[in-house]
1. With the structure loaded, tell me whether residue 81 is over 14 Å from residue 6 (Cα atoms) and surrounded by 11 or more Cβ atoms within 10 Å (Cβ to Cβ) or whether it fails that test.
2. Does residue 90 satisfy the condition of being more than 30 Å from residue 159 (Cα to Cα), modelled with pLDDT of 85 or more, exposed (fewer than 11 other Cβ atoms within 10 Å of the Cβ) and within 22 Å of the chain's Cα centre (by Cα)?
3. Being surrounded by 14 or more Cβ atoms within 10 Å (Cβ to Cβ) and touching a residue at least 60 places away in the same chain (Cβ under 8 Å) is the filter; apply it to segment 53-78 and report the residue that is farthest from residue 100 (Cα to Cα).
4. If I go through segment 114-126 residue by residue, how many of them are crowded, with 16+ Cβ neighbours inside 10 Å and either at pLDDT 80 or above or in contact with a strand residue (DSSP E or B) (Cβ under 6 Å, 6 or more places away or on another chain) (or both)?
5. Mind checking which residues of segment 9-37 are surrounded by fewer than 17 Cβ atoms within 10 Å (Cβ to Cβ) and farther than 24 Å from residue 100 by Cα?
6. Give, as residue ranges, the strands (runs of 3 or more DSSP E) completely inside segment 112-166 that count at least 1 residues that are under 16 Å from residue 102 (Cα atoms) and touching a helix residue (DSSP H, G or I) at 6+ places or on another chain (Cβ under 8 Å).
7. Can you go through 138, 130 and tell me which one is modelled with pLDDT of 80 or more and surrounded by 12 or more Cβ atoms within 10 Å (Cβ to Cβ)?
8. Test of understanding: among 97, 24, 71, 16, which residue is assigned to a helix (DSSP H, G or I) and at positive phi?
C-alpha cells in the first residue's frame, strides 16, 4: 500500500535511514526528480529538483498493522502523513508508473514526462527564455513552435525544460 509522507527537506537522509532501521525490508520509497541546466553568473549549473517538493511516496508491504503507520508518524523528519491514501491507491500507482516510464538511466525524469497536449502555453525553466511564458503554435514530437510578442521561436524538446501552463 502506497502512502504519501510530507517530510522536512533538511532531514531527508536521516528519515530514510530511520525508516530502513524501523521497517527493514517491508518498505520501498519513490521520490521523482528532474535535473536541468541553469546559467548563473555566466556559469552553467546543473540543478536537481524533486518534482513533488517535500512529499515522499512510500510503499509499505505489511500495511495491515496500524502500528507501522503510528511508527512512521513519529519518526524524525516526518511532518505528517497525508490522510485518505487508502482511497487514492490507483491514482498514486498510476502517477508512479508514469514517472518511472519517463525516467532516464540516472533516475531523472525526461522531458517527455511534461508533455501535455491540452495546454496552450509554456513556461521555460532553463535557457535564455527562463521564466518566460510563451504561446504554443505547433506542438510536434521533437519540437514546438512558440510565440512571444510577435517573436516566433522553434524549440527542441530534447534539451529544454519547461512547464505547460494554461
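The values are calculated or read from the model by the stated rules, or taken from the named source; none is laboratory data. Everything numeric here is computed off the predicted structure, so don't read it as measured data. In this analysis, Cβ positions are derived from the backbone assuming ideal geometry, glycine residues included, and neighbour counts consider all displayed protein chains.
1. On the way: over 14 Å from residue 6 (Cα atoms): no; surrounded by 11 or more Cβ atoms within 10 Å (Cβ to Cβ): yes.
In short, no.
2. Numbers: more than 30 Å from residue 159 (Cα to Cα): yes; modelled with pLDDT of 85 or more: yes; exposed (fewer than 11 other Cβ atoms within 10 Å of the Cβ): yes; within 22 Å of the chain's Cα centre (by Cα): yes.
Answer is yes for this residue.
3. Across segment 53-78, the extreme among qualifying residues is 75.
4. If we filter segment 114-126 for residues that are crowded, with 16+ Cβ neighbours inside 10 Å, which is where we start, we get 114, 122, 124-126.
Subsequent filtering for residues that are either at pLDDT 80 or above or in contact with a strand residue (DSSP E or B) (Cβ under 6 Å, 6 or more places away or on another chain) (or both) retains 122, 124-126.
So the answer is 4.
5. 10, 11, 14, 21, 22
6. Working: elements: 121-124, 133-139, 143-148, 151-156, 162-165.
It comes to 162-165.
7. Numbers: 138 fails: surrounded by 12 or more Cβ atoms within 10 Å (Cβ to Cβ).
Only one candidate passes the filter, namely 130.
8. 24
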